[in-house]
Structure formats: C-alpha cells, structure tokens
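Input: a single structure, listed below in structure tokens.
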Amino acid sequence: MGLFDIFKSKSKAQVGKAGASERPKPVEKEVARWADAVSKRAQNYDRQEAIEALAKIGSPDAAGALLRRFTFAIEPSITDQEEKDSAFRAIVGVGPDALPAIREFCLRAESITFPLRIMRAILEDDAFVGEVLEMLARWDTEYDRNPDPKIQLIAALEDLKDTRIRPAVERFLEDVHEPTRFHAVSTLFAQGEPEAARPMVDAYLREEAVRTKNRIAEGLVAQAWPIPDELREKLDGALPRGFDVVDGVVRRG
C-alpha cells in the first residue's frame, strides 16, 4: 500500500466516524432512490424496475419499501399479481430481518393478507403464532370501521394448532362483526380442544347469523365434544332440523 493509499484510508475512516450520524447509510440512500416508484401512480416499467432493484438490495429498509406494493391493485390483474409475487419473494429473501418493517406495516395497513403470508414463509409455526397473537391482542370486540385486519389475523390461525390460540381467540365469539365471529369459530374448532365446547354452545345460542350457527352445529358434530349437562336441553331445542343432542353430543339426525 502506497503513502497516498494510507492517507486515503485514514481519511475515509475519519469521515465515516464523523459523519455516521449525520447522513444516511449508502443502502438507505439507494432504497430512497427506488421507494417512490413502488406506487400506483408510477408507470408499470418504472415500478417493476424499482421492485427488482429493491430485491437486489435485500435490506430491511428495502423490505419496508417493497411492502408498499401490497397497498394497491392495478390492471391488468396478471401484472398486479406478478409484481406482488416479486415483492413477496424479495421480502421473504430478507428473512427475519424484515420482521420490524412487517410489524410496522401491519399496524396501519387496511389489509394484511400478504404481510401475514410473508411472515408465515419466514417463521416457524411457534414464532408465527406468537407474532399473530401479539397483533391480535391489540384488537377488541367492538365496532371498527375496518375489521379486515382483525379477521385476517384470526383466519391466519385456522390451519395451526397451538395451546395459546384458544384462550386468545375465544373472546371474538362475541365480536360485533359477524365475519370475525365466523372465523373465530373455525379457528377454535381447528384447535380440537373440548374446553371450547361451552363457549361454543353459548355462542350458538346467542348467534343470529345463519351461516355462523350452521358452522357451529357442523363443528360440534365433527368434534363430538361433550356438551355441558345444563346446556344440553337448551341446545337441543335450538339446533336446526337434522341436528340433535344424543348421549351428550351433537349428532346429525
């Protein structure tokens, strides 16, 4: 290394120390260059170029910028799906480092279907359930202008079994939104825990929506959970035609 190279190396080190807190990292600047193009207002080719560039950067900041692609739809639908698939693969490629950006996105997004799929691809089942339940805990059972994220969180647990799910989801059997109640029923039946029999019967007896009542009746038949003694007669009189409580369990007639 020549004398000039030594001074150049020292100069770079000094500038790096002095300016580290004053200017963005090179990767952040590169992300900012492409982030605005991940927009519905951008031309298709500009947006596709931006997605490819952010995928190559592969940083948590790039993942945050790519998440914007899931906030809108474009025509033709095939292009829309191709762009979302590309963004999906790129974020999954970042791995667990993308989780902070995904969590932040889910806090304010109108729909979180794609972010949840990304988390499912990144995480093992146990960690994924923990993330979903943490987000679900922020929701109550009262009216909300847009309950879709809550519904999507509950639905994301339908194909998983975990002892933490039942106690976390049971309260949503009383949710003001029928789609939330419906998915809560499906998720609870998926857990296969007989402890859910009482709250499920209580939910059936107060439920007004036909599809949710039918889902509960069919689930009780499939699970063959023992119905609490004091609820058997009341449930038997409320079940739809073709369903009966026989020997303490719900059966089809």
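The values are calculated or read from the model by the stated rules, or taken from the named source; none is laboratory data. Quick caveat, the model's predicted, so the values are computed rather than measured. Here Cβ is always computed from backbone atoms with ideal geometry, including for glycine, and neighbour counts include all displayed protein chains.
Quick look at the values:
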quantity: Filtered residue count, region 198-212, keeping only those that are assigned to a helix (DSSP H, G or I) and surrounded by fewer than 19 Cβ atoms within 10 Å (Cβ to Cβ); calculated: 7
quantity: Filter result for PRO194 (out of contact with any Cys (no Cβ under 8 Å at 6 or more places or on another chain), under 28 Å from ALA137 (Cβ atoms) and not hydrophobic (A, V, I, L, M, F, W, C)); calculated: yes
quantity: Those residues of region 77-103 which are surrounded by 19 or more Cβ atoms within 10 Å (Cβ to Cβ) and small (Gly, Ala, Ser), in sequence order; calculated: ALA87, ALA90, ALA98, ALA101
quantity: Selection within region 136-165 - touching a residue at least 12 places away in the same chain (Cβ under 8 Å) and among the acidic types (Asp, Glu); calculated: GLU142, ASP144, ASP148, GLU158, ASP159, ASP162
quantity: Residue match in region 236-244 (condition: small (Gly, Ala, Ser), part of a helix (DSSP H, G or I), touching a residue at least 12 places away in the same chain (Cβ under 8 Å) and under 29 Å from GLU134 (Cβ atoms)); calculated: no
quantity: Test for VAL132: is it in contact with a helix residue (DSSP H, G or I) (Cβ under 6 Å, 6 or more places away or on another chain), surrounded by fewer than 17 Cβ atoms within 10 Å (Cβ to Cβ), aliphatic (A, V, I, L, M) and not assigned by TED's automatic domain parsing to the domain that holds LEU188; calculated: no
quantity: Enumeration of residues in region 104-129 that are in a helix (DSSP H, G or I) and crowded, with 18+ Cβ neighbours inside 10 Å; calculated: PHE105, CYS106, PHE114, PRO115, LEU116, ILE118, MET119, ILE122, PHE128, VAL129
quantity: Filter result for the condition that a residue is at pLDDT below 50, of a type in the set (Gly, Ala, Ser) and not in a helix (DSSP H, G or I), over SER21, SER39, SER11; calculated: SER21
quantity: Residue check, ILE74 in a helix (DSSP H, G or I), surrounded by 14 or more Cβ atoms within 10 Å (Cβ to Cβ) and modelled with pLDDT of 95 or more; calculated: no
quantity: Qualifying residues in region 143-195 (those that are of a type in the set (Asp, Glu), in contact with a Lys or Arg (Cβ under 9 Å, 6 or more places away or on another chain) and assigned to a loop (DSSP other than H, G, I, E, B)) - the one surrounded by the most Cβ atoms within 10 Å (Cβ to Cβ); calculated: ASP175
quantity: Residue in region 25-36 that is in a loop (DSSP other than H, G, I, E, B), at pLDDT 80 or above and within 24 Å of SER86 (Cα to Cα) present; calculated: yes
quantity: Pair list, Cβ under 6 Å, 6 or more apart: region 203-231 residue closer than 22 Å to THR141 by Cβ, other residue assigned to a loop (DSSP other than H, G, I, E, B); calculated: LYS213/GLU207
quantity: Region 117-129, residues that are under 25 Å from ALA87 (Cβ atoms) and out of contact with any helix residue (DSSP H, G or I) (no Cβ under 9 Å at 6 or more places or on another chain); calculated: GLU124, ASP125
quantity: PHE243 being among the aromatic types (Phe, Trp, Tyr) and closer than 27 Å to GLU124 by Cα; calculated: no
quantity: Count of residues meeting criterion [within 12 Å of the chain's Cα centre (by Cα) and closer than 24 Å to ALA101 by Cβ] in region 124-170; calculated: 19
